[in-house]
1. So which of K56, K63 is open to solvent by 70 Å² or more (accessible area, probe 1.4 Å), among the charged types (D, E, K, R), within 16 Å of ligand 1 (Cβ to nearest atom) and not in a loop (DSSP other than H, G, I, E, B)?
2. Looking at the stretch 352-401, which of its residues are modelled with pLDDT of 95 or more and part of a loop (DSSP other than H, G, I, E, B)?
3. If you check C85, C47, which single one turns out to be within 16 Å of ligand 2 (Cβ to nearest atom), farther than 14 Å from I105 by Cβ and crowded, with 20+ Cβ neighbours inside 10 Å?
4. Within the stretch 430-442, which residues are at pLDDT 95 or above and of a type in the set (A, V, I, L, M, F, W, C)?
5. Out of all the residues in the stretch 188-199, is one or more over 30 Å from D424 (Cβ atoms) and open to solvent by less than 40 Å² (accessible area, probe 1.4 Å)?
6. Find all pairs meeting these conditions: Cβ atoms under 6 angstrom apart; at least six residues apart or on different chains; first residue within the stretch 244-270 and over 17 Å from I229 (Cβ atoms) and among the acidic types (D, E); second residue within 13 Å of ligand 1 (Cβ to nearest atom) and not in a strand (DSSP E or B).
7. For the stretch 382-401, what are the residues that are within 22 Å of the chain's Cα centre (by Cα) and crowded, with 16+ Cβ neighbours inside 10 Å?
8. Would you please name the residue that is surrounded by the most Cβ atoms within 10 Å (Cβ to Cβ), looking only at residues in the stretch 415-447 that are acidic (D, E) and assigned to a strand (DSSP E or B)?
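The values are calculated or read from the model by the stated rules, or taken from the named source; none is laboratory data. Since we're looking at a predicted model, the values are computed, not measured. All Cβ positions, even for glycine, are placed from backbone atoms using ideal geometry, and neighbour counts span all protein chains on display. To get the accessible areas, we keep the full protein, side chains included, count just its heavy atoms, and leave off ligands, DNA and RNA. Shrake-Rupley method; radii C 1.70, N 1.55, O 1.52, S 1.80 Å.
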Amino acid sequence: MKKVHIKSYGCQMNVYDGQRMADVLGQEGYVETATPDDADLILLNTCHIRERAAHKVYTELGKLRDLKRERKAQGRETTLVVAGCVAQAEGAEIQRRQPAVDLVIGPQTYHRLPALLAQARSGRVVDTELPPEDKFGHLPAPKPAVILARGISAFVTVQEGCDKFCAFCVVPYTRGAEFSRPVAQVIAEVERLAESGVQDVSLLGQNVNAYHGKGPDGVWTLARLMHRIAEVPGITRIRYTTSHPRDMDEELIAAHRDLPQVMPFLHLPVQAGSDRILAAMNRKHTSDEYRRLIDKIRMARPDIALSSDFIVGFPGESDADFEETLRLIADVRFASAYSFKYSPRPGTPAAELAEQIPLAVMDERLHRLQALVEEHRQGFNHAMVGRTVEILIERAGRHPGQLAGKTPYMQAVQIESATHRIGDRVLALIERAGSNSLFGRAVERPDLAA
Ligand code: SAM
Ligand code: SF4
């Protein structure tokens with residue numbers, strides 16, 4: 001039996017791509033293994049969003065070259081594949097820097113993996129084409145046992161690429177232009193997942209709320225797609241990520257009010273709070289427009305938990321600009337957020353800007369921003385104590401007798417229970433908030449009482 005080890009870096013879309021590549025390789029007789037040590041094929045599914053992420057790949061490849069050499073000496077072959085966004089952006093450069101790599105394959109061509117692997121047997125191959133065919137239409141469906149093993153929560157990519165061209169971002173270059181999967185294809189995938197026990201789907205896209213897929217009666221929006229997914233038997237929770245503020249339309253906001261399956265959680269990156277910086281970033285909205293949008297969303301769904309991404313130290317960001325970001329955070333009070341030091345990316349307009357910010361300044365700003373976000377995150381989590389919320393049980397907990405799941409607000413919860421199982425929706429009284437998890441106990445469900 002041939003074994004493949006897939007290591008995905010970066011975003012959830014890469015996790016999804018990693019699974020779909022495993023599906024393609026499954027058809028070729030490969031089974032997945034959790035370590036590179038016993039793998040015949042090692043595939044790094046890479047991320048190019050920040051310099052550090054791209055760097056990691058070369059470090060990892062150095063180690064894998066040694067592994068490949070050791071095995072060769074023992075008469076065993078290993079195939080080394082680099083996929084994902086670094087593959088797309090750096091293509092042949094990867095093979096030049098690391099000759100042990102057999103195949104470099106971009107995120108849009110991995111349906112061709114079997115043919116390319118065959119080709120790579122007689123010489124190294126690079127395929128970073130952005131092909132005309134839709135790869136999703138050529139991917140095999142995972143078997144029910146494989147779906148089950150991946151758990152009751154699943155990712156489904158519905159949209160890829162981006163036409164927004166934020167000044168700092170490589171995505172429009174690595175993932176190409178915006179593309180939405182047709183409605184029928186997405187629904188078929190969700191139905192298959194649900195039939196195998198998946199309850200919770202996260203719809204993914206670099207710009208997921210710009211979704212405009214071909215439907216049976218014209219172009220469908222993300223809101224319309226979610227209404228249809230909510231009708232799929234067995235689907236109890238729907239989320240979507242990542243959204244752009246400019247594409248948060250009325251219909252989508254209303255879905256948070258009208259569809260019980262749409263979870264009260266929204267990741268809506270704003271990046272910065274200064275209008276000057278937002279304009280330089282080409283985000284195409286002001287900080288007050290973002291605040292008004294948040295007000296509207298909270299009007300539709302008052303308990304919604306909000307999350308964001310922030311970049312500190314974008315070129316030209318002054319102390320005053322940064323204070324504006326802190327002010328926005330204080331106004332919105334996010335339940336969680338990701339924050340990053342600006343990283344200049346080759347080929348992006350911001351990398352050419354003169355006023356790059358010193359690392360020490362970025363470090364200090366990041367530290368202050370993260371402290372404020374953390375204060376709000378802890379506040380949000382502690383406010384859950386004493387409340388009763390529905391938990392979807394996803395797996396066994398840390399200790400015997402514990403089960404782990406998530407609240408509708410995306411918080412991790414551990415509950416004590418000997419009677420519940422994975423997949424149960426349990427009402428739990430939250431008794432304690434730890435630094436990364438809530439703790440509670442199951443209570444009677446009045447809606448299920450006779
Ligand atoms: N499409 C999303 C949006 O509109 O915000 C996010 C896509 S990106 C994969 C995820 C996050 O990485 C961004 O929101 C941004 O905060 C961060 N990011 C992107 N480029 C970056 C850069 N050059 N330096 C630092 N952070 C970056
Ligand atoms: Fe990158 Fe998101 Fe901006 Fe597109 S909208 S360029 S993915 S940050």
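1. Numbers: K63 fails: within 16 Å of ligand 1 (Cβ to nearest atom).
When all the criteria are applied, what remains is K56.
2. I357, P358, A383, M384, V385, G386, R387
3. On the way: C85 fails: farther than 14 Å from I105 by Cβ.
Result of the check over C85, C47: C47.
4. Scanning the stretch 430-442 gives I430, A433, L438, F439.
5. There is no residue in the stretch 188-199 that is over 30 Å from D424 (Cβ atoms) and open to solvent by less than 40 Å² (accessible area, probe 1.4 Å).
6. D247/N209; D247/A210
7. I391, L392, I393, E394
8. E416
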